[in-house]
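A.B. asks: The structure under discussion is supplied below as structure tokens; questions concerning it will follow.
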Amino acid sequence: MKIAFRVDASAAIGTGHLRRCLSLAQALRDLKAEICFLTRDLGLNSNAIVAEHGFVGRSLGAPDGICNSDPEIPHSAWAQVSQQQDISESIEALEDFTPDWIVIDTYAFDARWHEAMREAMRCRIAVIDDLADRALSADLLVDQNYAPDHRAKYADVLTKQTRILGGPRYAMLGPAYADAAAYEFKGQVQSIGVFMGGVDKDNHSAMVLDALDRIGFSGGVEIATTSANPNLDLLSDRVRVRANTSVSVDLPDLASFFTRHDLQIGAGGGASWERCRVGVPTLLVALASNQMAVAPLLAAAGVAAYVESPCAERLGDEIAKLMADAPRRRTLSEKSRKMVDGLGAKRAALAMLGSRIHIRRATQDDAQLMFEWRGDATTRAVSREAGELDWENHKTWLSGVLADPARKLYVGEIGDLPVGVIRFDFSEEARAEVSLYLDPSLHGLGLGPHMLLAGEDAANVDTVDATVLEENHASHRLFEACSYARTGPTTWIKQRRFQNGLSHQQSAS
């Protein structure tokens, strides 16, 4: 599978779009996908950042400075070229790469870009967005931000049927966050971390220092930023004369930075989910329109504190309140940690690669993962046998299934990653009853139909029966999508020998 990313970074855009694309690209690479980045130099050397992460980058031409904004796209000026110019140059740049997917992460283009690239490249389009402020033509849409109803949020802008992965469950964090250590809560705020985005062109970091000076905070302060910050020299001069204060530049990731301080003050962008992952109490400062839409919701949910229209005085007051309120900080820590599990990039990658699922025979070495997946409460809730599993009984059962010629047990994988289990119990030579379940952490990605159809091919079965609990609506939809006929409230059948022999990838499309 070949995946191309079209993303930029600049003083206006920041580096957050590029960072989350790099996280998704790393997850795709782990699943054996081939990656190519397409960027334009808008004042920041995006390709250098891409290369640092081990990816191939291709550059588009420099802006000519005469681009007119598109009235249908609020942020079109961020591209610094016309949409049509970007389409033409992107097609030319990707002509020899022939991607299966293009991931586009910019507010500067709309459905016209998506449709033109889909037609020219004969590929699918994944859009990463959180504004829903222009027409979008996506096969997959990923919005990692918190919202009450993502389907409703995008109802007026999607021009085609689209799978939506919405919410912090899909927060695209780097590999360091998958097993990131949790912040250890302390009653006193001994040190404060500040991250106002990778560029911080308006030097909000200095405003935070002003706020801390106003309230007389004398503990440690660490400011994280990047070499793309145009105010880095000014900030460094300020820090040199301020006690217990330091600047960390171009950290490979911020996981340890977020963990080592008792309060984080930062911009409400993608780093919000990184802070949630480690569970550190956070005061958000919204600096962009997408952040202003999300930060109040997180505050209302008790996940983070939030200051609107920040100035040194207001910010100082909010910091002082949080420092004095240990129970509130503990609540923020606990609730934020529960919101993000660090697997969002992997989920988005698997959703893109679902059609490449392959099936292998199960072995006794799969006993532990089967025990964990089948024993999970969400799996048991929709199983005909809903009781808790016993480990010794499970191992005995697995040995019996593997030795039984009338039963075929498989594990579905994408790349080298197991994602689900499927079993066929034969009553006749070419007739079997099927049962399957996924890794519970991977529900909602559309993997079920791909695994079911691949399993049918592997088992070489003509007639397949299925029994589903009447209230298990998700499984009923699964069998309907895979051309099964419903024969009763809980039963389905598929006569594969009468079908036209489509591959499982074609049938699941």
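The numbers here are math on the coordinates, done by the rules we state, and not lab data. Predicted model, so just to flag it, every value in this text is computed and none were measured. Positions of Cβ are generated from backbone atoms using ideal geometry, with glycine treated the same way; all protein chains shown enter the neighbour counts.
A.B. asks: Rounding to the nearest 10 and keeping the result within 0 to 90°, find how far the Cα-based axis of helix 111-121 lies from the longest principal axis of the chain.
C.D. replies: Once rounded, one gets 50 degrees.
A.B. asks: Could you give me the ³J(HN,Hα) list for the range 44-50, computed from phi with Karplus coefficients 6.51, -1.76, 1.60 and θ = phi - 60°, whole Hz, x at Gly and Pro?
C.D. replies: With the stated coefficients, the range 44-50 comes to 10, 7, 4, 5, 5, 5, 4 Hz.
A.B. asks: Number of Lys pairs in the chain with C-alpha atoms less than 22 angstrom apart, excluding same-chain neighbours closer than eight positions?
C.D. replies: 10
A.B. asks: How do Arg329, Arg122 rank when sorted from fewest to most other Cβ atoms within 10 Å of their own Cβ?
C.D. replies: Placing the least packed residue first, the sequence is Arg122, Arg329.
A.B. asks: Report the far tail of the P(r) of the range 357-508, meaning the percent of Cα-Cα pairs longer than 28 Å.
C.D. replies: Across the range 357-508, Cα pairs with separations above 28 Å total 14 percent.
A.B. asks: Between the alpha-carbon centers of the range 197-234 and the range 431-501, tell me the distance in whole angstrom.
C.D. replies: Their Cα centres are 55 Å away from one another.
A.B. asks: Per DSSP helix of 4 or more residues, -39500 (n - 2.57); summed, then divided by the residues of the chain. What does that give at 222 nm, rounded to the nearest 500?
C.D. replies: -10500 deg cm²/dmol
A.B. asks: Counting other C-beta atoms within 10 Å, which of Leu417, Leu38, Leu442 has the fewest, and how do the rest follow?
C.D. replies: So the residues, fewest neighbours to most, are Leu417, Leu442, Leu38.
A.B. asks: With both partners inside the range 2-173, how many of the DSSP beta bridges are antiparallel, as a percent to the nearest 5?
C.D. replies: 5 percent
A.B. asks: Continuing with the same structure: Sticking to Cα atoms, compute the Rg of the range 36-107 to one decimal and its Dmax as the biggest Cα-Cα distance, whole number, in Å.
C.D. replies: 12.8, 37
A.B. asks: A follow-up question, please. Give me the net charge for the shell around Gln80: Cβ to Cβ below 11 angstrom, other residues only, Lys and Arg +1, Asp and Glu -1.
C.D. replies: Numbers: positive: Arg40; negative: Asp8, Asp41, Asp64, Asp86.
Charge balance in the 11 Å sphere: -3.
A.B. asks: Let me ask another. By DSSP, what percent of the beta bridges with both residues in the chain are antiparallel, rounded to the nearest 5? Present the calculation step by step, with values, prior to reporting the outcome.
C.D. replies: Values: 29 of 79 bridges.
Of all bridge pairs located within the chain, approximately 35 percent are antiparallel.
A.B. asks: Assuming a ≥ b ≥ c are the square roots of the Cα gyration tensor eigenvalues, decide whether the range 324-365 counts as rounded (a/c under 1.5), prolate (otherwise, with a/b larger than b/c) or oblate.
C.D. replies: Verdict is oblate for the range 324-365.
A.B. asks: Could you list Leu94, Leu22 so that the one with the fewest beta carbons within 10 Å of its beta carbon is first and the one with the most is last?
C.D. replies: The fewest-first ordering by Cβ neighbours comes to Leu94, Leu22.
A.B. asks: Once amide H atoms are placed 1.01 Å from N in the peptide plane, what residues at a sequence separation of 5 or more from Thr245, or on another chain, have their amide H within under 5 Å of its amide H?
C.D. replies: Long-range HN contacts for Thr245: Val221.
A.B. asks: Taking a ≥ b ≥ c as the square roots of the Cα gyration tensor eigenvalues, with a/c under 1.5 meaning rounded and otherwise prolate when a/b beats b/c, else oblate, which class fits the range 178-339?
C.D. replies: On the way: a/c = 1.31, a/b = 1.26, b/c = 1.04.
Rounded shape, in that the Cα axes give a/c under 1.5.
A.B. asks: Next up: Output needed: percent of Cα pairs per 10 Å distance bin for the range 2-173, bins running from 0 to the one holding the longest distance.
C.D. replies: 10, 41, 39, 9, 0
A.B. asks: Then there is this: Going by a ≥ b ≥ c, the root eigenvalues of the Cα gyration tensor, does the range 169-244 fall in the rounded group (a/c under 1.5), the prolate group (a/b larger than b/c) or the oblate group?
C.D. replies: Taking the square roots of the gyration eigenvalues as a ≥ b ≥ c, the range 169-244 is oblate.
A.B. asks: Provide the descending list of Cα extents for the chain along its principal axes, expressed in whole angstroms.
C.D. replies: On the principal axes, the chain reaches 82, 55, 38 Å in Cα extent.
A.B. asks: Could you work out how far the C-alpha centroid of the range 1-46 sits from that of the range 258-282, in angstrom?
C.D. replies: 23 Å
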